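Data block below; observations after.
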Amino acid sequence: MSVDTATVRHIAKLARVAVSDGEVEALVPELNNILNWIEQLQEVDVTGVEPMTAVIPNILRLREDKVTDGGKRDDVLKNAPAAEHGFFAVPKVIE
């Protein structure tokens with residue numbers, strides 16, 4: 001597959017990117033090189049290769065999902081300017 005200036009302008013229009021004429025001319029060989037690399041990658045035989053998401057094995061450390069109150073209400077309320085009955089106290093607002 002080959003990219004020409006009309007295709008670059010069309011891609012820029014779809015991406016809503018303003019591209020000058022000089023930039024279009026510079027993008028044509030760059031996009032063609034990228035497409036050539038992709039064609040080379042498609043020639044690689046990957047039969048028997050397991051798909052992977054990373055080059056090293058990652059094991060997620062999971063915790064038991066249980067609901068708690070956090071047990072830190074008193075510590076949090078120490079930072080409050082005013083607290084009443086275990087809650088933040090705020091001034092009454094009436095419009």
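Each reported figure results from applying straightforward, stated rules to the coordinates on display, with no laboratory input. Nothing here was measured: the structure is a model prediction, and the numbers come from that model. Every residue, glycine among them, receives a Cβ derived from its backbone with ideal geometry; neighbour counts consider all protein chains shown.
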*Could you list the GluC sites (Glu not before Pro) in the range 7-84 that lie in coil according to DSSP, counting only those with at most 16 other Cβ atoms within 10 Å of their Cβ?*
E43, E64
_Please list 3J(HN,Hα) in residue order for the range 11-27, calculated via the Karplus relation 6.51 cos²θ - 1.76 cosθ + 1.60 where θ = phi - 60°; whole Hz, with x for glycine and proline._
4, 5, 5, 5, 7, 6, 10, 7, 10, 7, 4, x, 5, 4, 5, 6, 6
*Taking amide H positions as placed 1.01 Å from N in the peptide plane, with prolines and chain starts having none, which residues 5 or more places from A83, or on another chain, fall under 5 Å of its amide H?*
A89
_Suppose each label sits 7 Å from its Cα in the direction of the beta carbon; what would the F87-I38 distance come out to in nanometres?_
5.8 nm
*Which of the lysines could be linked to K92 by a straight reach, that is with a Cα gap under 22 Å, when you skip same-chain ones fewer than 8 residues away?*
K78
*For the range 8-83, build the convex hull from the C-alpha positions and give me its volume per residue in Å³.*
323 Å³
*Kindly write out, for the range 90-95 in residue order, the coupling ³J(HN,Hα) from the Karplus curve 6.51 cos²θ - 1.76 cosθ + 1.60 (θ = phi - 60°), rounded to whole Hz, with x marking Gly and Pro.*
10, x, 6, 10, 10, 9
